[in-house]
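Report on the structure given below.
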C-alpha cells in the first residue's frame with residue numbers, strides 16, 4: 001500500500017504558507033496533490049484547490065480522488081487564475097488554498113490578497129533556486145522583492161566590502177517557507193524565506209535541510225552569482241578541509257565523527273539527521 005512521505009504531513013500542518021520551486025518534471029504538482037490529500041483528511045479544515053491547467057485533479061466533471069475531500073475550483077482558461085484565487089478566498093471560507101503555477105503579476109497580487117486574509121497558501125512556481133525567483137520581475141514579490149539602497153558612509157564602513165549601494169529586501173514575503181525541488185529525490189527546504197533572502201542579499205550563508213529518500217540532513221546555502229550552491233560539509237567557522245588538516249586536526253575530526261555515530265538520530269543537532277523530515281519509503 002502506498003504511504004505518503006511523513007515530512008509532507010509536517011509541511012502541510014505547520015500552518016506556514018509554502019512555496020514550491022522547481023523546473024518542469026521534478027514533481028511540483030505531485031507534491032501539491034499529496035498535500036491536498038493530507039489536508040482534506042482533516043474534517044475541521046476547509047482546503048480549496050485552484051487548478052489552473054487541471055493537472056492536479058484532472059479535467060473531468062468531478063475531481064480525481066487523489067485530492068481527497070478538498071474543494072476543487074478548475075480555472076478553465078489560464079488567464080482567469082488570479083480571479084479564481086480571489087474568488088476562493090472571498091467566497092469559500094478556506095483554511096488553506098492550494099495553487100498550481102503562479103506566473104504573472106496579477107497572480108502574485110492575488111497571492112498577496114490571500115496572505116493578507118490570514119489564509120495558508122501552498123503554491124508552485126517555475127525556477128531552480130530561491131534567488132532566481134527573487135530576481136524575477138513578475139514573481140520576485142512572492143519572496144519580498146529586492147531593490148538598490150544607498151547607505152550612509154557610517155553604515156558602509158561597517159560592511160566588509162565597504163559598498164554604499166546594496167540590494168535589500170523591499171517588503172514582507174508572501175510565503176513563509178520554501179522548498180526547491182532539484183530532482184524527484186533531492187529537495188532543499190528553507191524554513192524561513194525572510195532569513196534566506198536577507199542573508200543571500202548580504203552575501204552570507206544560511207541554513208536549511210536537504211531532503212532525500214530515507215533521510216534529511218542539514219545543509220548550507222552559499223550565495224553564488226544570482227543563485228544558491230549547497231553543501232552538507234561546509235563549516236562557516238572556517239575549519240580546513242579534512243584532506244588539508246594536520247594530524248592533530250584529523251584526530252579531532254575523527255573524534256567528532258565517532259561522537260555523531262554514537263548519537264541516535266533524535267539526539268543529533270542541527271548538523272545531523274532531523275527525524276522530523278525523514279522520508280520513509
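We did not get these values from a lab; they are worked out from the coordinates using the rules stated. What you see is a predicted model, and the numbers here were worked out from it, not measured in a lab. Counting neighbours? That spans all protein chains shown, and the Cβs are built from the backbone with ideal geometry, glycine included.
Would you mind calculating the gained length between residue 13 and residue 147 on full extension (0.36 nm times residue separation, minus the Cα-Cα distance), in nm to one decimal?
44.9 nm
Between region 147-212 and region 76-113, the C-alpha centres lie 26 angstrom from each other. On full extension, the segment bounded by residue 53 and residue 160 gains 33.7 nm, given 0.36 nm per residue less the C-alpha separation.
Working note: Cα gyration tensor of region 1-138, eigenvalues times five, square-rooted, sorted largest first, giving semi-axes of 21, 18, 15 Å. Exposure proxy shown here: for 59, 225, 100, 95, the number of other Cβ atoms within 10 Å sets the order, fewest to most, as 225, 59, 95, 100.
Summary of packing: across the peptides 110-116, 149-155, the per-residue average of other C-beta atoms within 10 Å ranks them, highest first, as 110-116, 149-155. Remark: relative contact order (region 100-207) = 21 percent; criterion is Cα-Cα distance under 8 angstrom and separation of 6 or more residues.
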